[in-house]
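Structure, as structure tokens:
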Protein chains: 2
Amino acid sequence: MIKEMITRRSTRSYNGKPVDKELVMQLLEAARLAPSGKNTQPWNFIVVTDPATKEKIAVADHNQMWMVDAPVHIVCVADIKRRNPDIGQVVVDENAAYPELKAVIRDTAVAIQHILLMAEHLGLASCWTGWYAQDDMRPILGIPNDQYVVGVVTIGHTDDPPKAQTRRDLEDMVRYEKW
Amino acid sequence: MIKEMITRRSTRSYNGKPVDKELVMQLLEAARLAPSGKNTQPWNFIVVTDPATKEKIAVADHNQMWMVDAPVHIVCVADIKRRNPDIGQVVVDENAAYPELKAVIRDTAVAIQHILLMAEHLGLASCWTGWYAQDDMRPILGIPNDQYVVGVVTIGHTDDPPKAQTRRDLEDMVRYEKW
């Protein structure tokens, strides 16, 4: 097994220790290497360290104020135009029906998981959060309405790693040859 | 860096060597460990080895007949009802607008990426394919219309690993503090 898949946790408790910028760049490099449909790489990342901005993000993200204690937020954004450059002026949000939006959310999710696994590899604590509305999150960072925020990942150090979450049994999720 | 992120490739050329069932179970165990929103684990997997079924899948998947040479297909399915048990009878496809569908596609994509990284870890070749319509793929396997096939992953061995794809520069995808 890849050990980071076993040991990674969603950490919502951070101590004050800062995160070296070089480590953040290694997280982003991991995201950069993710595969994507037609190799479109439809993702962009905003690295946020400003406390006032982190507070606004935490408020938009369902008042999860623990997020402010994480020294770094990585805001992970899917760009529908990388999948369909001719789509024109569109507004994408939770209720949008565009097929291309599903594709770029899918691809950006893969890149985000590379960040989480790499964080674990580097001894950093992280949490993928997504409890916000696009219309609340985007204005905080000036993100255009044709961009979809797939997640805000908190990065930091913890003194209090959470226990593993339970998982469904393999027998419950695997079928053979047909549904 | 996690080396599997660097060395993983999308392999579309398989030799005839079979895949040990125990290795397939290790791939599925990696998927099982993936994180998901609210820990809903909204995924199911169908392991397909039957040549006739693989051929039907390949035809539905844009006539990618190379897929038939892979000894194993893992059909990866997102279940919207695990996110919203009260959603009732719905049909989900590429044009569906349900917010919950976006969430379960996102989560299942993460589980699929665990499969791809774990395949690389085990020395297996793999490719995530997704060039099909839900309405063409689902009937082949008897998948209900409220399930979304996020990908069909081919698994096998190769004598001809492809070269790495190009990637956008990090500078092109990373911003600081705001969009």
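The values are calculated or read from the model by the stated rules, or taken from the named source; none is laboratory data. This one's a predicted model, so the numbers in the text were calculated from it and none came from an experiment. Neighbour counts are summed over all protein chains in view; Cβ atoms, including those assigned to glycine, are modelled from backbone coordinates with ideal geometry. Protein only, heavy atoms only, side chains kept; ligands, DNA and RNA dropped before computing areas. Shrake-Rupley method; radii C 1.70, N 1.55, O 1.52, S 1.80 Å.
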Can you name every residue in region A:93-130 that is of a type in the set (A, V, I, L, M), facing chain B (nearest Cβ under 7 Å), without any contact (Cβ under 8 Å) to a residue 60 or more places away in the chain and open to solvent by less than 30 Å² (accessible area, probe 1.4 Å)? A:A96, A:I105, A:A109
Here are some residues: A:D169, A:D160, A:D135. Which one is open to solvent by 50 Å² or more (accessible area, probe 1.4 Å), under 16 Å from A:M67 (Cβ atoms) and not polar (S, T, N, Q)? A:D160
If you scan region B:6-36, which residues turn out to be assigned to a loop (DSSP other than H, G, I, E, B) and either basic (K, R) or more than 19 Å from B:V68 (Cα to Cα) (or both)? B:R8, B:R9, B:R12, B:K17, B:L33, B:A34, B:P35, B:S36
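Results for (1) under 26 Å from B:A103 (Cα atoms); (2) facing chain A (nearest Cβ under 9 Å); (3) open to solvent by 10 Å² or more (accessible area, probe 1.4 Å); (4) charged (D, E, K, R), shown as yes or no for each residue.
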position	(1), (2), (3), (4)
B:A31	yes, yes, no, no
B:P42	yes, no, no, no
B:P51	no, no, yes, no
B:I57	yes, no, no, no
B:H73	yes, no, no, no
B:C76	yes, no, no, no
Yes or no: A:D61 within 13 Å of chain B (Cβ to nearest Cβ), in contact with a Pro (Cβ under 9 Å, 6 or more places away or on another chain) and among the acidic types (D, E)? no
